[in-house]
Amino acid sequence: MNNLSVKYDTVLFDLDGTITDSATGIAGSIRHVIQRMGLPEIEEEKLGLFMGPSLNESFSRHLGLAGDDIERAVAIYRDDYAVSGIYNNRVYQGIPNLLLRLKKSGASVILATHKPTVYARLILEYFGLLGLFDSVVGVPLDANYHDKADIVRQALPARRKGRAVMIGDRQNDMKAAKANNIDAIGVLYGYGSESELVGSGADRIAAAVSDLAEMLLPMDGGRSEIAPTVNGLFMTIEGIDGAGKTTQVPLLAERLTQMGWEVVTTREPGGDLVAEKIRELLKADGIGDMTAETEAYLFAASRAQHVRKVIMPALARGAVVISDRFVDSSIAYQGAGRELGASRVQRLNELAVDVCVPDLVMLLMVDLETALLRRGSATRLDRIERSGESFFRRVYDAFVGLAEEEPDRVHIVDASRSIEETTAQTLALAAECVKAHLMA
């Protein structure tokens with residue numbers, strides 16, 4: 001393979017097997033075609049052969065169809081895929097940051113896919129990636145067949161500058177690049193093999209998304225990166241005990257992982273070994289009468305450790321951090337609940353957080369009576385959870401006050417609804433935060 005330089009002005013990506021892992025959705029729609037047309041079942045491992053080539057080619061080669069039967073199979077497939085298959089999909093981890101860094105470095109980023117353009121755009125929009133592509137080139141919804149080389153030819157800018165590269169996971173991507181006299185990078189994390197990619201003309205092979213970053217982004221003498229770096233996103237979920245935070249954090253993490261982000265979930269107090277030890281002290285029974293000031297300082301100490309050992313390192317490598325509680329909880333619980341005053345607690349935490357502030361604060365709100373009922377059903381309550389109703393009334397009122405005073409920073413989620421409805425609200429807020437981050 002050629003020893004290529006690592007800077008391209010035009011970068012073309014395939015979709016399935018390169019940007020997204022769409023195998024589950026595609027396989028499900030292929031099975032639907034087989035069932036509807038009364039065709040013999042095929043082995044599970046053979047479904048992977050359908051990933052990459054055009055539907056016409058796959059139905060002909062792997063199902064033995066021809067003529068009108070291919071057209072019928074394509075129509076059945078697309079009807080099913082549009083409803084159940086299109087979103088049964090996930091972005092490969094690291095792709096959002098790679099695309100963002102490419103855009104910041106000035107490259108033209110283009111999608112070139114066998115998939116109908118309308119489906120490709122829907123998928124990219126669903127995962128928050130559409131705005132990172134200068135153009136999306138697929139095929140018309142009613143097209144019978146399009147050669148990948150023709151798609152790449154259409155996708156290449158007429159007046160492009162510098163070098164161009166096609167990135168894909170199957171031989172048709174590599175051959176399409178060579179047919180258009182551009183470089184070809186094959187990815188092994190998709191559905192093709194190294195022998196397939198090398199044999200069809202790949203100039204380079206990327207085993208992982210991180211390898212792509214090294215090949216595509218400008219470097220200083222092959223050592224230190226000079227391409228734009230991308231910081232991660234910091235999201236916090238706040239609310240009174242019983243609001244449902246513990247339920248929402250993993251659901252939010254699952255969705256963001258599906259969108260291609262590295263996700264770090266954490267909690268306060270806690271997060272690393274030192275902070276968790278402080279948590280044990282704060283929650284423990286039988287330690288005597290802890291003063292409000294001591295409690296506030298312990299929370300701040302735990303937070304200082306948490307920020308420097310967990311949150312900031314994760315953000316520096318471009319991850320999304322979701323924390324169950326942060327400074328707003330101290331303002332509500334120690335500032336109001338323990339009656340130390342919001343401003344005093346805020347000042348106390350300035351050194352602890354340094355410049356680390358959330359990009360998104362989601363406040364789960366449920367009426368106090370419901371929260372107390374939920375909390376009361378717990379099998380065992382810790383020291384803070386056993387605080388009286390007047391304490392929790394002050395905490396609740398403080399959270400309401402934060403939302404009213406800073407509506408642009410603190411976003412209310414109505415947690416009195418079902419888990420599914422509450423999740424829909426948190427996911428929508430997170431998606432908007434990600435979109436703003438990618439478009440900044």
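The values are calculated or read from the model by the stated rules, or taken from the named source; none is laboratory data. All values reported here derive from a predicted model rather than from experimental measurement. Every residue, glycine among them, receives a Cβ derived from its backbone with ideal geometry; neighbour counts consider all protein chains shown.
Does any residue of the stretch 113-122 turn out to be crowded, with 17+ Cβ neighbours inside 10 Å, at negative phi and in contact with a Phe, Trp or Tyr (Cβ under 6 Å, 6 or more places away or on another chain)? Checked the stretch 113-122: no residue is crowded, with 17+ Cβ neighbours inside 10 Å, at negative phi and in contact with a Phe, Trp or Tyr (Cβ under 6 Å, 6 or more places away or on another chain). Name the single residue that is nearest to LYS7 (Cα to Cα) among those in the stretch 192-216 being touching a helix residue (DSSP H, G or I) at 6+ places or on another chain (Cβ under 6 Å) and part of a loop (DSSP other than H, G, I, E, B). The extreme case among them is ALA202.
I need the full set of residues from the stretch 157-170 which are in contact (Cβ under 8 Å) with a residue 40 or more places away in the chain and either surrounded by 20 or more Cβ atoms within 10 Å (Cβ to Cβ) or more than 14 Å from LEU111 (Cα to Cα) (or both), in order please. If the condition is that a residue be in contact (Cβ under 8 Å) with a residue 40 or more places away in the chain and either surrounded by 20 or more Cβ atoms within 10 Å (Cβ to Cβ) or more than 14 Å from LEU111 (Cα to Cα) (or both), then ARG160, LYS161, GLY162, ARG163, ALA164, VAL165, MET166, ILE167, GLY168, ASP169, ARG170 are the ones that fit. For the stretch 69-102, give me each residue that is farther than 17 Å from LEU39 by Cα and among the aromatic types (Phe, Trp, Tyr). Listed by number, the residues that qualify are TYR81, TYR87, TYR92. Counting the residues of the stretch 238-285 that are more than 30 Å from LEU15 (Cα to Cα), in contact with a helix residue (DSSP H, G or I) (Cβ under 8 Å, 6 or more places away or on another chain) and among the hydroxyl-bearing types (Ser, Thr, Tyr) gives 2. Remark: ILE110 matches the filter, which requires a residue to be modelled with pLDDT of 95 or more and either more than 19 Å from the chain's Cα centre (by Cα) or not assigned by TED's automatic domain parsing to the domain that holds SER60 (or both).
In the set GLU44, GLU71, GLU57, only one residue is in contact (Cβ under 8 Å) with a residue 60 or more places away in the chain, farther than 30 Å from LEU129 by Cα and either acidic (Asp, Glu) or buried (at least 20 other Cβ atoms within 10 Å of the Cβ) (or both); that residue is GLU71. Within the group LYS46, LYS7, which residue is in contact with a Pro (Cβ under 6 Å, 6 or more places away or on another chain) and modelled with pLDDT under 90? One residue alone meets the criteria, LYS7. For the stretch 171-199, a residue qualifies if it is surrounded by fewer than 22 Cβ atoms within 10 Å (Cβ to Cβ), over 29 Å from the mean Cα position of the chain (by Cα) and either hydrophobic (A, V, I, L, M, F, W, C) or outside the structural domain of ALA158 (by TED's automatic domain parsing) (or both), and the qualifying residues are ALA179, ILE182, VAL198.
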